[in-house]
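Written out below as structure tokens is the structure these notes cover.
The values are calculated or read from the model by the stated rules, or taken from the named source; none is laboratory data. Quick caveat: nothing in here was measured; it's all calculated off a predicted structure. Quick reminder, even Gly has a Cβ in these numbers, built from the backbone with ideal geometry, and neighbours come from all protein chains shown.
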Amino acid sequence: MYTSISAFKYITPFILYVLSLLAFQGEGLICYAPLMYTFFSVPLLELFIKASPANLDEVEESLAKQNKVYDFILYAAIIMQYYSLWVFLNSLQAPALSTATIAGRVISMGLLCGAFGINVAHELGHRVNKMEQTFAKMLLLTSLYMHFFIEHNKGHHKHVATASDPSTAKYNQSLYAFWQQTLIGTYKSAWKIANEEAAKKGHTGFTLRNEMLLFQIIQLLLLVGIFILFGWTTTLLFMVAALMGGLLLESVNYIEHYGLTRNETENHQFERVQPHHSWNSNHIIGRLMLFELSRHSDHHYLASRKYQILRSYDNAPQMPTGYPGMILLSLVPPLWFKVMNNQMKKYDLIKTI
């Protein structure tokens, strides 16, 4: 039965924040605690915890949708993300840090950039409220990934599961080949979308009315500010962490849409996005850790649905484990192809795009 306290299960993602703050203040092995938690403890637990396809009933869904606590949890993530970034930048100023300690702190910040800077921004970026959209852009700034706001909402959701979408991985395409496709492709797509939108409003050339140009200036100003306050080395290490966050996000895109395609209709359009056009995962720890992002089939079917009420569909293809485990699997292409190509055969999904 749904109760207001149900919302507080979503404070579990903040375990990563706590571990990261410990990493920023400690040295040696503790700096790798966020990495071990994300890619060892969680995948291991999910091997033994059965996935849950249960959905809220109509009444429970209505109550959850109206409960503002779910929104306040996301707003808290914004404050904590900026606080964590400040602690991270300051932590690199300590004298005589070992290379292992620095690497662990950068990895920890990279995980925050992906799991919160981009993931929570993804949730807020789909909201119609302008304040929440601004919050999304603020979070993306901490990962130097502001173009995601443009391309994801106006490009990816329109073209998903087609050859026009740089965020959809082709059948038998490795993660490493996909990284090159999506990092370049989504950035170019964001410029194209922003240029077209500015032109429609009568703005051409070098203008701050072009949202993509504005985003680049804002990100540059952030880097200049970090350089002035903390120096070149810290600025470069932050950029590495931000890149890690971007790669983490794109790895998630890889596992969410690998090999899936939509049918083309007679008028050279594509069928409406359905639950079977995204891979789904009902593994509970991964779901909570990423604010239900792994219920991705429903997210693409109805992008306006808030994270706390996302549903599981019987016809959505299921991943064999949660997101952290699937990301690990994707790092080894032969194993990935063996497992996921068999999953595609199981659901009769094998096509090419």
Of the criteria (1) of a type outside the set (Lys, Arg); (2) farther than 21 Å from His296 by Cα; (3) modelled with pLDDT of 95 or more, which one Ala94 fails: (3)
Subset of region 238-289 [assigned to a loop (DSSP other than H, G, I, E, B) and under 15 Å from the mean Cα position of the chain (by Cα)]: Ser278, Trp279, Ser281
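Does Gly286 qualify as being touching a Gly at 6+ places or on another chain (Cβ under 6 Å) and under 22 Å from Phe178 (Cβ atoms)?
On the way: touching a Gly at 6+ places or on another chain (Cβ under 6 Å): yes; under 22 Å from Phe178 (Cβ atoms): yes.
Taking the combined requirement at face value, the residue satisfies it.
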Residue in region 71-110 that is surrounded by the most Cβ atoms within 10 Å (Cβ to Cβ), counting only those that are touching a helix residue (DSSP H, G or I) at 6+ places or on another chain (Cβ under 7 Å), part of a helix (DSSP H, G or I) and among the polar types (S, T, N, Q): Ser108
Single residue of Arg209, Arg272, Arg262 found to be on the phi < 0 side of the Ramachandran plot, among the basic types (Lys, Arg) and touching a residue at least 60 places away in the same chain (Cβ under 8 Å): Arg262
Filtered residue count, region 111-134, keeping only those that are within 22 Å of Tyr301 (Cβ to Cβ), in a helix (DSSP H, G or I) and not aliphatic (A, V, I, L, M): 6
Among the residues listed as Leu144, Leu183, the single one being buried (at least 17 other Cβ atoms within 10 Å of the Cβ), at pLDDT 95 or above and under 22 Å from the mean Cα position of the chain (by Cα): Leu144
Every pair of residues 6+ apart whose Cβ atoms lie under 7 Å, when the first sits in region 46-62 and is under 11 Å from Asn282 (Cβ atoms) and in a loop (DSSP other than H, G, I, E, B) while the second is modelled with pLDDT of 90 or more and of a type in the set (Ser, Thr, Tyr): Pro53/Ser312; Asn55/Ser312
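Got a sec? Which of Pro275, Pro324 is of a type outside the set (Ser, Thr, Tyr) and modelled with pLDDT under 95?
The match here is Pro275.
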Residue in region 328-345 that is touching a Lys or Arg at 6+ places or on another chain (Cβ under 6 Å), modelled with pLDDT under 95 and not in a loop (DSSP other than H, G, I, E, B) present: no
Test: residue in region 75-88 that is modelled with pLDDT of 90 or more and more than 22 Å from the chain's Cα centre (by Cα): yes
Residue tally, condition crowded, with 22+ Cβ neighbours inside 10 Å and hydrophobic (A, V, I, L, M, F, W, C), over region 261-294: 4
Flag for Lys137 being surrounded by fewer than 17 Cβ atoms within 10 Å (Cβ to Cβ), part of a helix (DSSP H, G or I) and out of contact with any Asp or Glu (no Cβ under 7 Å at 6 or more places or on another chain): no
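Listed here are the residues, each with its yes/no results for (1) closer than 20 Å to His147 by Cβ; (2) out of contact with any strand residue (DSSP E or B) (no Cβ under 6 Å at 6 or more places or on another chain); (3) not polar (S, T, N, Q).
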{"position": "Asn172", "(1), (2), (3)": "no, yes, no"}
{"position": "Ser189", "(1), (2), (3)": "yes, yes, no"}
{"position": "Asn210", "(1), (2), (3)": "yes, yes, no"}
{"position": "Phe215", "(1), (2), (3)": "yes, yes, yes"}
{"position": "Asn253", "(1), (2), (3)": "yes, yes, no"}
{"position": "Glu256", "(1), (2), (3)": "yes, yes, yes"}
{"position": "His277", "(1), (2), (3)": "no, yes, yes"}
Pairs where the first residue, in region 228-245, is crowded, with 16+ Cβ neighbours inside 10 Å and the second is hydroxyl-bearing (Ser, Thr, Tyr), C-beta under 8 Å, 6+ apart: Ala242/Thr142; Ala242/Ser143; Ala242/Tyr145; Gly245/Ser143; Gly245/Tyr145
